[in-house]
1. Considering only the other residues whose Cβ falls under 13 Å of the Cβ of S160, what net charge follows from Lys and Arg at +1 and Asp and Glu at -1?
2. Leaving out same-chain residues fewer than 8 places away, which aspartates and glutamates sit with a Cα under 16 Å from that of K152?
3. Could you list the GluC sites (Glu not before Pro) in segment 116-223 that lie in coil according to DSSP, counting only those with at most 16 other Cβ atoms within 10 Å of their Cβ?
4. Going through the cross-link list K150/K178; K54/K82; K99/K205, which pairs have a Cα-Cα distance over 18 Å in this structure?
5. If packing is taken as the average count of other Cβ atoms within 10 Å, what order do 102-110, 41-49, 88-96 fall into, highest mean first?
6. May I ask you to give the percent of accessible area on segment 156-198 that is carbon plus sulfur, with a probe radius of 1.4 Å?
7. Using R₀ = 30 Å, calculate the FRET efficiency as 1/(1 + (r/R₀)^6) where r is the Cβ-Cβ separation of D219 and I43; round to 0.05.
8. What translational D, rounded to a whole number of µm²/s, comes out for segment 41-195 from Stokes-Einstein when the hydrodynamic radius is the Kirkwood one over Cα pairs, at 10 °C and 1.306 mPa s?
Amino acid sequence: MKYIFLICSTGILCQNYTFAAKQDQKITPYSIIWNNNQEYSNISSNDNSLCTVKNPSGDLVCFDLYKDSAKLPPNESGWLGKYISISLGTEHKCGISVKGGNLYCWGSNFYGQIGNGSDVYASTTVRVLPNEQFISYATGYRNTYAVTAKGKLYGWGDNSKGQLATSVINPAVNRLPKEISLNGKSFFAVTAGDRFFCAITNEGKNSIGNFGKVYCSGDNSSG
């Protein structure tokens, strides 16, 4: 299954392709053009939901994804707060607030993805590391990562594949943010896959912006 999302000035276009499993089967495309006359500034999705930040209000809204066009427009849910951006993991969500650059997470917390020391599902937003401001963050399969304004990199959640860059995979789960350090280097960007992450160190800045080296940790079974 492949999803393509395009931000438009007046709405969202979603297109879904179901690829045939065998060569003799037909490829059946299914697409939706949905327009609710709203402008957006940020977007993220997983297999079940699509979340957007409304422009210019900063309001965060999430929509269920359906294959049945009779159910459009999709069910909509709103979340308290004003956000700059949103990122969806497999079963949890995180966003950076407009005011203060604070990081909030909610959703599944079985592997500590929310970062509040618990394994209880977070039905409301939870502020992570309240004394920090954040410039980059990423949600993975069972993990969350974030870079502070001071260049510190934190990770939390599942560590069964070394996703938290520890020398030993113990504990297998970190329910509180753990600083991921690299010889005193600072970071400015992070991204996450299913069971790994990559981050860029801050080595300097030019006319294009910050630059540095990429470091990754976690599952390398597929190279």
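The values are calculated or read from the model by the stated rules, or taken from the named source; none is laboratory data. Remember, predicted model here, so these are calculated numbers, not experimental data. When we count neighbours, we look across all protein chains shown, and the Cβ atoms used for this are built from the backbone with ideal geometry, even at glycine. SASA here: full protein model, heavy atoms, side chains in, ligands and nucleic acids out. Shrake-Rupley method; radii C 1.70, N 1.55, O 1.52, S 1.80 Å.
1. 0
2. Cα-Cα hits under 16 Å: E132, E179, E203.
3. Hits after loop and neighbour filter: E203.
4. Check vs 18 Å cut-off fails for K99/K205.
5. Answer by packing, highest mean first, reads 88-96, 102-110, 41-49.
6. 50 percent
7. 0.65
8. 100 µm²/s
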